[in-house]
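Below: one structure in structure tokens.
The values are calculated or read from the model by the stated rules, or taken from the named source; none is laboratory data. Model, not experiment: these values are computed from the prediction. Quick reminder, even Gly has a Cβ in these numbers, built from the backbone with ideal geometry, and neighbours come from all protein chains shown. Areas reflect the complete protein model, heavy atoms only, side chains present, ligands, DNA and RNA absent. Shrake-Rupley method; radii C 1.70, N 1.55, O 1.52, S 1.80 Å.
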Amino acid sequence: MSAYAGTKLALLLEKSGLFTPEQVADLLDRQQASGRSITDVVVERGYIREDQFLQGLANALNVPFLRLGEAAIEGAVLERLSTKAVFQYNVIPVAVEDGALRVATHDPFMPGLIDALRMATGARIRLALSPSADIAKAATKFYGVGADTLERMIQDDRIELAPEDDLKKDLSDVDQEASVVKFVNQIIWEAYQDRATDIHLEPMETSLRIRYRIDGVLHQTPVPAHLKRFQASIISRIKVMSNMDIAEKRLPQDGRISLKIRGEDIDVRVSTMPTVYGESVSLRLLMRHSGLTGMDKLGLEPQDAATLKKLITKPYGILLVTGPTGSGKSTSLYAWLHTINSIDKRIITIEEPIEYEMAGINQIQVRSEIGLTFATGLRHILRQDPDVIMVGEIRDRETAEIAIRAALTGHLVFSTLHTNDAAGAVTRLIDMGIEPFLVASSVAGLIAQRLVRRLCTRCRREVEPDRAFLESVGFPLGRLDEGPIYEGVGCEECRNTGFIGRTGVYEIITVNERIRPLVVARASSAEIRNMALKQGLKPLRHDGWTKVLRGVTTIEEVLRVSEDNEDLAET
């Protein structure tokens with residue numbers, strides 16, 4: 001029998017009805033030995049989920065159990081408890097009831113908690129129980145990311161210095177630097193936890209706005225009210241981390257930060273741009289290893305996957321993937337390379353930047369400042385006996401000419417172009433000055449793609465769409481019996497957006513004997529597209545509608561990423 005049997009905590013655990021006597025004894029022994037909260041010990045042992053435990057404990061204590069995901073807490077209530085106390089004790093004030101302050105905690109047995117809160121607020125304290133993750137998210141939501149760090153800087157009178165003095169002094173103060181470092185780290189950590197791909201720090205006239213790009217959409221993150229006062233110090237810290245010149249504030253700069261978060265290597269591309277109210281900073285987060293994915297994870301329909309597999313296993317030719325920035329082109333290229341990577345193939349890439357590191361593949365980083373451009377690198381790659389070449393992007397005539405020469409001399413070449421649709425890649429190459437007969441002879445396939453957000457399977461709900469609306473956007477009404485249509489509701493799991501993650505929508509054109517004469521004749525992209533449609537091309541929107549009917553995404557998402565220029569070919 002545990003030495004702590006019969007104590008108040010033991011009686012409460014027994015009263016909750018969630019544990020056997022043996023489990024209660026085990027929990028109490030471990031809690032006393034470690035000095036950690038009983039909630040943390042319960043979660044660590046895996047007997048029950050934290051929310052289930054707290055709900056049972058709340059019933060035993062006769063206090064409310066709250067989920068704070070969608071809670072609306074009045075500003076006057078939040079002001080009753082200092083930011084320091086909120087983050088120090090991992091609590092959040094939720095309401096004032098009969099003169100008492102109701103405070104949510106995940107550890108009601110923390111020694112001295114109620115007394116400390118009573119002294120901090122001057123009010124009677126009533127507890128409520130809430131999961132620790134809920135409290136942390138609510139603290140960030142209502143007080144702002146890094147609010148506790150910022151408050152300590154203000155209390156210690158670490159006010160931002162004038163711009164001319166900032167460069168000389170603010171980073172020489174060890175305490176000041178430590179606080180700024182922690183704040184910047186918190187920004188990046190929050191972005192990582194929220195699956196953000198980009199962080200934007202944007203100086204406004206009276207504030208410093210921070211936005212994260214999550215699943216392709218920008219979301220503003222809450223920040224402390226006085227963050228603007230530390231703008232110069234925060235930006236200077238980021239510039240120091242990325243090896244930029246902190247004294248240069250008049251010109252744009254580019255840099256890079258290498259981080260490790262939870263054992264995962266992350267590259268952060270940093271760009272600064274002078275604006276009216278200070279330097280705007282953008283950080284692109286690249287997960288060097290976890291970002292790699294196979295073709296089965298791209299969201300290709302079975303027929304498209306089979307077509308693409310034939311194209312990427314050809315012995316020679318150019319395969320071009322097109323789409324705007326942020327449409328997943330690089331991810332697709334890496335997936336193709338991952339699929340065909342084998343010991344009998346020599347694969348060389350030239351990229352700017354190298355977003356993911358791949359074992360068994362020779363990857364070259366473009367360095368324009370020393371003359372290593374796409375064209376220069378590609379020219380030398382051809383002397384390295386490659387079987388497959390990946391060029392990050394074809395930007396100019398010289399790169400295009402070398403890539404075509406490589407394809408015509410027995411190499412398989414993967415690359416990207418910025419065009420709106422697959423057929424537009426042909427006219428783009430010709431506009432660069434490439435002879436049409438060379439384009440027709442070398443290009444094997446053209447892929448256009450976009451990324452749509454995936455519905456959160458936890459909170460999505462079936463809807464009955466308006467048939468008039470469906471008809472107005474070109475949705476094929478005859479396919480409605482293929483499956484229900486869903487919309488996103490929003491829950492804690494998906495940050496109340498209704499979406500988690502993204503998947504691709506595609507259109508694939510195989511350049512065959514019916515397409516090549518049109519290319520040689522300098523036909524327009526519309527004519528090439530029309531011929532491809534006659535041969536069975538499924539446009540982007542067609543692929544999008546399929547994913548809508550499979551419950552993967554929404555009609556609005558498909559409309560957001562695709563254009564209304566996909567009429568079926570005349571028969």
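So if I take the centroid of the Cα atoms in the range 323-401 and the same for the range 5-43, what is the distance between those two points in Å?
Distance between centres, Cα-based: 57 Å.
Something else about it: Roughly how many nanometres apart are two label points built 7 Å out from the Cα toward the Cβ at SER207 and GLU14?
5.4 nm
Now a separate question. How large, in Å, is the range 174-218 by the Kirkwood hydrodynamic radius built from its alpha-carbon pairs? Mind showing how you got there, number by number?
Details: mean 1/r = 0.0864 Å⁻¹.
So the Kirkwood estimate lands at 11.6 Å.
In Å, what Rg and Dmax follow from the Cα atoms of the range 330-378?
Here Rg and the maximum Cα pair distance are 11.5, 34 Å.
Counting other Cβ atoms within 10 Å, which GluC sites (Glu not before Pro) in the range 482-542 have at most 10 and lie in a DSSP loop?
Numbers: sites: GLU482, GLU487, GLU492, GLU493, GLU507, GLU513, GLU527; in loops: GLU513.
For GluC sites (Glu not before Pro) across the range 482-542 that sit outside H, G, I, E and B with at most 10 neighbouring Cβ atoms in 10 Å, the list reads GLU513.
Highest mean first, what order results for 214-225, 178-189, 389-400 on Cβ atoms within 10 Å? Don't skip to the end; give the middle numbers.
Values: 214-225: 16.6, 178-189: 18.9, 389-400: 21.8.
Top of the packing list down: 389-400, 178-189, 214-225.
Follow-up. Run the dipole for the range 269-331 about the Cα centre, Lys and Arg Cβ at +1, Asp and Glu Cβ at -1, nothing else charged, and hand back the magnitude in debye, nearest 20. Mind showing how you got there, number by number?
Details: 8 positive and 4 negative charges, 47 e Å.
It comes to approximately 220 debye.
Can you list the trypsin sites (Lys or Arg not before Pro) in the range 210-283 that are in a DSSP coil and have 13 or fewer other beta carbons within 10 angstrom?
Details: sites: ARG211, ARG213, LYS228, ARG229, ARG237, LYS239, LYS249, ARG250, ARG256, LYS260, ARG262, ARG269; in loops: LYS249, ARG250, ARG262.
Loop-located and lightly packed - ARG250, ARG262.
What angle, in degrees between 0 and 90 and rounded to the nearest 10, separates the Cα long axis of helix 21-34 from the longest principal axis of the Cα atoms of the chain?
On a 0 to 90 degree scale, this one is about 90.
Using only Cα atoms, what Kirkwood radius does the range 388-462 have, in angstroms? The partial results should precede the final answer.
On the way: mean 1/r = 0.0713 Å⁻¹.
Roughly 14.0 Å, rounded to one decimal.
Give the average over all directions of the projected area of the C-alpha convex hull of the range 461-565, one decimal, in nm².
On the way: hull surface 31.7 nm².
Its Cα hull, projected and averaged over all orientations, spans 7.9 nm².
Round to a whole angstrom and tell me the spacing of the C-alpha centers of the range 480-497 and the range 80-96.
If we compute the Cα centre of each part, the gap is 34 Å.
So which lysines can LYS297 reach, going by Cα to Cα under 16 Å and dropping same-chain residues fewer than 8 places off?
Output for LYS297: LYS309, LYS329, LYS547.
Moving on to the next point. Ignoring ligands, DNA and RNA, what percent of the accessible area of the chain is carbon or sulfur (1.4 Å)? It would help to have the intermediate numbers written out before the result.
Values: 13090 of 26980 Å².
With neighbouring chains kept in place, the figure for the chain is 49 percent.
Output the lone cysteines of the chain: those with no second cysteine's C-beta under 4.7 Å from their C-beta.
By the Cβ distance rule, which asks for a partner under 4.7 Å, no cysteine is left isolated.
Once you place label points 7 Å from the Cα toward the Cβ at GLU44 and ARG262, how far apart are they in nm?
1.9 nm
In addition: Using the Kirkwood radius built from alpha carbon pairs, what does the Stokes-Einstein equation give as D for the chain at 20 °C and 1.002 mPa s, in µm² per second?
Answer, rounded: 77 µm²/s.
Continuing with this model, one more query. Would you please give the FRET efficiency between GLU556 and TRP189, computed as 1/(1 + (r/R0)^6) with r the Cβ-Cβ distance and R0 = 30 Å, to the nearest 0.05? Before the final figure, lay out each step's value.
Values: r = 31 Å, r/R0 = 1.05.
Step by step, r from the Cβ atoms, then E = 0.45.
Suppose every K and R has +1 on its Cβ and every D and E has -1 on its Cβ; what is the size of the dipole of the range 373-442 about the Cα centre, in Debye to the nearest 20? Present the calculation step by step, with values, prior to reporting the outcome.
On the way: 6 positive and 9 negative charges, 25 e Å.
So the magnitude is around 120 debye.
At 7 Å along Cα-to-Cβ for each site, give me the label-to-label distance between ARG461 and SER342 in nm.
Here the modelled spin labels are 5.1 nm apart.
First obtain the Kirkwood hydrodynamic radius of the range 1-146 from its Cα pairs, then insert it into the Stokes-Einstein equation at 4 °C and 1.567 mPa s, and state the resulting D in µm² per second as a whole number. The partial results should precede the final answer.
Values: Rh = 15.9 Å.
Taking Rh from Cα pairs, D becomes 82 µm²/s.
Next up: Quick one: putting +1 on the C-beta of Lys and Arg, -1 on the C-beta of Asp and Glu, what dipole do you get for the chain around its Cα centre, in Debye to the nearest 20? Numbers along the way, then the final one.
Values: 70 positive and 79 negative charges, 129 e Å.
Roughly 620 debye for the chain.
Counting heavy atoms of the protein chains only and a 1.4 Å probe, report the per residue accessible area for the chain as a whole number of Å². Write out the running numbers ahead of the final one.
Values: 26980 Å² over 571 residues.
Using a 1.4 Å probe on heavy atoms only, each residue of the chain averages 47 Å².
Å³ per residue of the Cα convex hull, for the range 362-427?
Details: hull volume 6.4 nm³, N = 66.
It is 97 Å³ per residue.
Can I ask one more? If you stretched the chain out fully between ALA247 and ASP385, how much longer would it get, using 0.36 nm times the residue separation minus the C-alpha to C-alpha distance?
Numbers: separation 138, 0.36 × 138 = 49.68 nm, distance 4.57 nm.
The span from ALA247 to ASP385 would gain 45.1 nm if fully extended.
By how many degrees, between 0 and 90 and to the nearest 10, does the Cα long axis of helix 302-312 differ from the longest principal axis of the chain?
60 degrees
Further question on the same structure: What are the GluC sites (Glu not before Pro) within the range 1-107 that DSSP puts in a loop, where the Cβ has at most 15 other Cβ atoms within 10 Å? Please report the intermediate quantities before stating the final value.
Working: sites: GLU14, GLU22, GLU44, GLU50, GLU70, GLU74, GLU79, GLU97; in loops: GLU70, GLU74, GLU79.
Qualifying residues, ordered by number: GLU70, GLU74, GLU79.
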